[in-house]
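Asks: Take a look at this one; I'll ask things after.
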């Protein structure tokens with residue numbers, strides 16, 4: 001056994017040296033030059049060793065796949081991922097906001113005294129406040145009935161052109177008594193204030209005038225029935241910036257006419273109504289509301305208090321009869337001037 005060990009070791013050594021020499025020869029082999037034949041193909045391409053173009057697997061049995069943008073194959077080019085500035089400008093210029101449509105559609109109401117450039121009037125004779133707006137939302141979580149444009153339209157049925165503080169001043173101008181906002185601690189105390197009847201005036205798709213009680217557009221989430229209580233003028237309040245010392249009317253952030261209780265509400269419901277999304281008391285009465293973007297006019301009429309002194313019948317505020325179509329005159333459509341008619345000239349025979 002000991003005599004065979006040198007022979008076995010020598011055999012393994014020879015195999016190892018043979019493997020190393022073969023590897024060195026393979027790595028040192030020079031590359032063949034690329035020579036083209038008469039057709040312009042290299043030797044490798046002519047031998048079929050080059051993969052086909054466009055990363056396709058060579059298969060003589062399959063047709064060549066068309067590429068995007070190839071005019072010979074009628075294949076459209078791939079769409080651009082970015083828009084040009086001209087396309088962006090065209091899209092922006094094509095959009096007209098509901099507020100702009102409302103301004104272009106409605107004329108001022110009769111007997112209305114403007115107190116704001118934002119389509120807000122006071123009718124002192126009939127003791128009512130008139131303001132313009134549009135349908136902002138018809139279905140979804142509801143916290144507001146009406147809010148100023150650019151605030152909380154995603155959770156409000158109506159967007160208004162006027163700000164909350166302007167409507168607050170208008171209600172005071174017609175003698176509406178302000179109350180107190182809702183309180184939550186140490187115990188719940190609902191909002192107080194004079195009740196306000198709210199009418200919504202608009203024209204349907206056929207152009208017919210409609211005037212409905214605003215409560216008809218709100219339903220109770222638990223029963224699906226129409227909202228019953230009138231809104232009250234709770235009055236909101238002011239917040240002072242500690243850094244600048246400037247005061248802000250709290251309801252201007254969106255809490256103009258609420259259906260969920262907020263202590264910043266200008267007008268609120270005098271009942272407990274949660275603002276939690278999963279426990280909302282009221283929802284939009286979708287089937288009664290016109291399409292989103294419809295121009296409309298709100299008429300707010302304070303309901304006389306029980307302590308008010310008797311007045312003459314002709315001076316009594318009517319809160320049960322809806323406004324008629326005279327409250328909402330439309331602007332005349334733009335008309336083109338007719339071409340002047342040239343007088344006929346008699347020919348002289």
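Asks: Only one residue in 150, 140 is in contact with a helix residue (DSSP H, G or I) (Cβ under 8 Å, 6 or more places away or on another chain), at positive phi, surrounded by fewer than 21 Cβ atoms within 10 Å (Cβ to Cβ) and outside any strand (DSSP E or B). Which one?
Replies: Being in contact with a helix residue (DSSP H, G or I) (Cβ under 8 Å, 6 or more places away or on another chain), at positive phi, surrounded by fewer than 21 Cβ atoms within 10 Å (Cβ to Cβ) and outside any strand (DSSP E or B) holds for just one of 150, 140, which is 140.
Asks: Quick check on the stretch 260-270. Is at least one of its residues more than 29 Å from the chain's Cα centre (by Cα), surrounded by 15 or more Cβ atoms within 10 Å (Cβ to Cβ) and closer than 23 Å to residue 304 by Cβ?
Replies: Step one: list which residues in the stretch 260-270 are more than 29 Å from the chain's Cα centre (by Cα), which gives 270.
Add one more test, that the residue is surrounded by 15 or more Cβ atoms within 10 Å (Cβ to Cβ), and what stays is 270.
Remaining after also requiring closer than 23 Å to residue 304 by Cβ: 270.
The answer is yes, given that some residue of the stretch 260-270 is more than 29 Å from the chain's Cα centre (by Cα), surrounded by 15 or more Cβ atoms within 10 Å (Cβ to Cβ) and closer than 23 Å to residue 304 by Cβ.
Asks: Restricting to the stretch 116-134, and then to whatever is farther than 16 Å from residue 163 by Cα and touching a strand residue (DSSP E or B) at 6+ places or on another chain (Cβ under 9 Å), can you tell me which residue is surrounded by the most Cβ atoms within 10 Å (Cβ to Cβ)?
Replies: 128
Asks: Let me ask you something else. Checking residue 265 against (1) touching a strand residue (DSSP E or B) at 6+ places or on another chain (Cβ under 7 Å); (2) over 19 Å from residue 131 (Cα atoms); (3) part of a loop (DSSP other than H, G, I, E, B): exactly one of these is not met. Which one?
Replies: Just one mismatch for residue 265, condition (2).
Asks: Using the structure shown, decide if residue 244 is free of Cβ contacts under 8 Å to residues at least 60 places away in the same chain and either under 28 Å from the mean Cα position of the chain (by Cα) or under 19 Å from residue 143 (Cα atoms) (or both).
Replies: no
Asks: Is it fair to say residue 195 is more than 22 Å from residue 167 (Cα to Cα), at pLDDT 95 or above and crowded, with 16+ Cβ neighbours inside 10 Å?
Replies: When the stated conditions are applied, residue 195 does not pass them.
Asks: Here is a follow-up. Tell me the residue from 317, 321, 336, 307 that is assigned to a loop (DSSP other than H, G, I, E, B), surrounded by 10 or more Cβ atoms within 10 Å (Cβ to Cβ) and modelled with pLDDT under 95, please.
Replies: Only one candidate qualifies: 317.
Asks: Take residue 166 and decide whether it is surrounded by fewer than 19 Cβ atoms within 10 Å (Cβ to Cβ) and either in contact with a strand residue (DSSP E or B) (Cβ under 8 Å, 6 or more places away or on another chain) or farther than 15 Å from residue 299 by Cα (or both).
Replies: no
Asks: Only one of (1) touching a helix residue (DSSP H, G or I) at 6+ places or on another chain (Cβ under 6 Å); (2) not in a strand (DSSP E or B) is not met by residue 159, so which one is it?
Replies: (2)
Asks: Within the group 207, 237, 224, which residue is surrounded by fewer than 19 Cβ atoms within 10 Å (Cβ to Cβ), within 17 Å of residue 295 (Cα to Cα), over 24 Å from the mean Cα position of the chain (by Cα) and modelled with pLDDT under 95? It would help to see each step written out before you state the result.
Replies: Numbers: 237 fails: within 17 Å of residue 295 (Cα to Cα); 224 fails: within 17 Å of residue 295 (Cα to Cα).
When all the criteria are applied, what remains is 207.
Asks: Scan the stretch 97-118 for residues that are part of a loop (DSSP other than H, G, I, E, B) and touching a helix residue (DSSP H, G or I) at 6+ places or on another chain (Cβ under 7 Å) and jot them down.
Replies: Scanning the stretch 97-118 gives 109, 110, 118.
Asks: Within the stretch 211-241, can you find the residues that are without any contact (Cβ under 8 Å) to a residue 12 or more places away in the chain, on the phi < 0 side of the Ramachandran plot and in contact with a strand residue (DSSP E or B) (Cβ under 9 Å, 6 or more places away or on another chain)?
Replies: 225, 239, 240, 241
Asks: When residue 178 is evaluated against the numbered criteria (1) under 17 Å from residue 273 (Cα atoms); (2) over 31 Å from the mean Cα position of the chain (by Cα), which criterion, by number, is the only one it fails?
Replies: For residue 178, the exception is condition (1).
The values are calculated or read from the model by the stated rules, or taken from the named source; none is laboratory data. Everything quoted here is computed from the prediction, not taken from an experiment. All Cβ positions, glycine included, derive from the backbone under ideal geometry; neighbour counts span all protein chains shown.
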